[in-house]
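Chemist: Encoded as structure tokens, here's the structure I'll be asking about.
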Amino acid sequence: METLQRLTRRQLEALRVIGRSPSNGPGAPLNAIARALGVRAPSALAHLGPLEELGLISRFRGKSRITRRGAVCLEEYLRHHRVAESMFARAGLSPRATHEAALEVDLALSHRTVEEICEASGHPSVCPHGQRIAPCSSTEGSGHR
């Protein structure tokens, strides 16, 4: 099972919050992560353990920082989400509906499936919202597996 497929939506949200903290700073404090997730600190902490075990974050003195592996995972997630949005747009869904539909499946899609959807969709370069989609590894050595 691929790393993205192991994450829950809440773990992904926590990873995104941590990824937004300055890379040269001490990291995101637990209370800030909890606040961003709309939960109490113990609940937020429960989401961080699996992220640390997967090597996506590192924690030190109550602060969490994203690792290189975590940053790559976030990039892969954005690609999965935007390719899924493009697929739903081709099916005729509105831009808002494409986002909601993509949220239902983006974490479950394997890299191989995303590559196949991308290829079948003619390698879209942007999602329905105008955000850039990283190229397929078959069209440019992007490293997606």
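Chemist: What's the angle, to the nearest 10 degrees (0 to 90), between helix 9-20's Cα axis and the longest principal axis of the chain?
Modeler: Helix 9-20 sits roughly 80 degrees off the main axis of the chain.
Chemist: Go ahead and set up a Gaussian network model of the chain, Cα springs under 10 Å, then flag whichever of S64, S86, S125 fluctuates most.
Modeler: Top of the fluctuation ranking is S125.
Chemist: Additional query: Per residue of segment 113-123, in order, report the coupling 6.51 cos²θ - 1.76 cosθ + 1.60 (Karplus, θ = phi - 60°) as ³J(HN,Hα) in whole Hz, putting x for Gly and Pro.
Modeler: Whole-Hz 3J(HN,Hα) from phi for segment 113-123: 5, 4, 4, 5, 5, 4, 4, 5, 8, x, 6.
Chemist: Given the options G70, G25, G49, which has the most mean-square fluctuation in a GNM of the chain, springs set between C-alpha atoms less than 10 angstrom apart?
Modeler: In the Gaussian network model the winner is G25.
Chemist: For segment 31-68, state which trypsin sites (Lys or Arg not before Pro) are in a DSSP loop and have at most 12 other beta carbons lying within 10 Å of their beta carbon.
Modeler: Answer by residue number: R40, R61.
Chemist: For segment 77-120, give the magnitude of the charge dipole about the Cα centre (Cβ charges: +1 Lys/Arg, -1 Asp/Glu; no others), in debye to the nearest 20.
Modeler: In total the dipole reaches around 100 debye.
Chemist: Divide by every residue of the chain the summed helix terms, -39500 (n - 2.57) for each DSSP H run of at least 4, and state the resulting mean residue ellipticity at 222 nm, rounded to the nearest 500 deg cm²/dmol. Let's see the in-between values first.
Modeler: Values: 7 runs with 81 residues, N = 145.
It comes out at -17000 deg cm²/dmol, rounded to the nearest 500.
Chemist: Right, here's the next one. If a/c stays under 1.5 just call it rounded; otherwise compare a/b with b/c (prolate if a/b is bigger, oblate if not). Do that for segment 5-46, with a ≥ b ≥ c from the square roots of the Cα gyration tensor eigenvalues.
Modeler: Judged from the Cα gyration tensor, segment 5-46 comes out oblate (a/c at least 1.5, b/c at or above a/b).
Chemist: How much length is gained if the chain between R69 and R90 is pulled fully straight, taking 0.36 nm per residue apart and subtracting their Cα-Cα distance, in nm to one decimal?
Modeler: 4.4 nm
All of the numbers you see were taken from the coordinates with simple rules; none came from a lab. Computed from a prediction, not measured in an experiment: that's the story for all the values here. Here Cβ is always computed from backbone atoms with ideal geometry, including for glycine, and neighbour counts include all displayed protein chains.
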